[in-house]
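Colleague: Shown below is the structure under consideration.
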Amino acid sequence: MELITEKQGAVVVFKLKGRLDALAAPDFEQKCLKWLEAGESCFAVDLGELDYISSAGIRSILLVAKKLRAQDGRLALSRISGMVEKVFTITGIHSMFPVYASLDEALIQLNP
């Protein structure tokens, strides 16, 4: 998995490309938790180029969301499509987070 991280206003953006599976999930978690420890509390996860997500990938997103909530933070997902969208629909994950059609929409909602 390729992971690009950038700060846009008050939001940390995580752009995921490839596969978020048991091999990649720990890296994603670790990078998210580093930003959280640095005091950041608004995350947007762009899933537009993610081809595959496993249960380990879902678990990592849930873990990050739980840690964010504990610090009154927010998480938004954007550009969910294909197989990832099907998995999110089947598991009900899409109903647990705000989901936006574009990263720009997510940023507008998350930035003060």
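Colleague: Helix-only mean residue ellipticity at 222 nm, the chain, DSSP H runs n ≥ 4 weighted -39,500 (n - 2.57), per residue, nearest 500. What is it?
Modeller: Details: 4 runs with 47 residues, N = 112.
Roughly -13000 deg cm²/dmol at 222 nm, from the helical runs in the chain.
Colleague: Still on this structure, I have one more. Taking just the C-alpha trace of the range 71-112, give me its Rg and Dmax in Å.
Modeller: Values for the range 71-112 (Cα only, Rg and Dmax): 11.1, 32 Å.
Colleague: Looking at the chain only, what percent of DSSP beta bridges run antiparallel? Nearest 5 please.
Modeller: On the way: 7 of 22 bridges.
Here the antiparallel bridges make up roughly 30 percent for the chain.
Colleague: Based on the mean of other Cβ atoms within 10 Å per residue, sort peptides 56-62, 41-47 so the most packed one is first.
Modeller: Listed from highest to lowest mean packing, they are 41-47, 56-62.
Colleague: Also, quick follow-up: Short version: ³J(HN,Hα) in whole Hz for each residue of the range 81-93, in order, from phi by Karplus 6.51 cos²θ - 1.76 cosθ + 1.60 (θ = phi - 60°), x for Gly and Pro, what are they?
Modeller: Per-residue couplings from phi come out as 8, x, 4, 5, 4, 4, 4, 5, 5, 4, 7, x, 4 Hz.
Colleague: In addition: Using only C-alpha atoms and all pairs of different ones, pull out the Kirkwood radius for the range 41-112 in Å with one decimal.
Modeller: On the way: mean 1/r = 0.0809 Å⁻¹.
12.4 Å is the Kirkwood radius here.
Colleague: Using Stokes-Einstein with the Kirkwood hydrodynamic radius over Cα pairs, what translational diffusion coefficient do you get for the range 1-82 at 10 °C and a viscosity of 1.306 mPa s, in µm²/s rounded to a whole number? Each step should come with its number before you reach the end.
Modeller: Working: Rh = 12.5 Å.
Diffusion coefficient, whole number: 127 µm²/s.
Colleague: On to the next question. State the volume of the convex hull built on the alpha-carbon positions of the range 9-54, expressed per residue in Å³ and rounded to an integer. Write out the running numbers ahead of the final one.
Modeller: Numbers: hull volume 2.9 nm³, N = 46.
Residue-normalised Cα hull volume stands at 63 Å³.
Colleague: So, one more: When the accessible area of the chain is split by element with a 1.4 Å probe, what percent falls to carbon and sulfur? Please report the intermediate quantities before stating the final value.
Modeller: Values: 3070 of 5910 Å².
With neighbouring chains kept in place, the figure for the chain is 52 percent.
Colleague: Cut-off 10 angstrom, C-alpha nodes, Gaussian network model of the chain. Which of Leu33, Leu75, Leu23 fluctuates the most?
Modeller: For the chain, modelled as a Gaussian network with Cα springs under 10 Å, the answer is Leu23.
Colleague: Taking the solvent-accessible surface of protein heavy atoms with a 1.4 Å probe, what is the per residue accessible area of the chain in Å²?
Modeller: Numbers: 5910 Å² over 112 residues.
Roughly 53 Å² per residue, with all protein chains present.
Colleague: Let me ask you something else. Starting at the first residue of the range 104-112, write each ³J(HN,Hα) from the Karplus equation 6.51 cos²θ - 1.76 cosθ + 1.60 with θ = phi - 60°, in whole Hz, x for Gly and Pro.
Modeller: Values, residue by residue: 4, 4, 4, 5, 4, 6, 8, 6, x Hz.
The values are calculated or read from the model by the stated rules, or taken from the named source; none is laboratory data. Keep in mind that this is a model prediction, so the values were computed, not measured. With ideal geometry, Cβ positions are generated from the backbone for all residues, glycine too; neighbour counts draw on all protein chains shown. All accessible areas refer to the heavy atoms of the entire protein, side chains included, with ligands and DNA or RNA removed. Shrake-Rupley method; radii C 1.70, N 1.55, O 1.52, S 1.80 Å.
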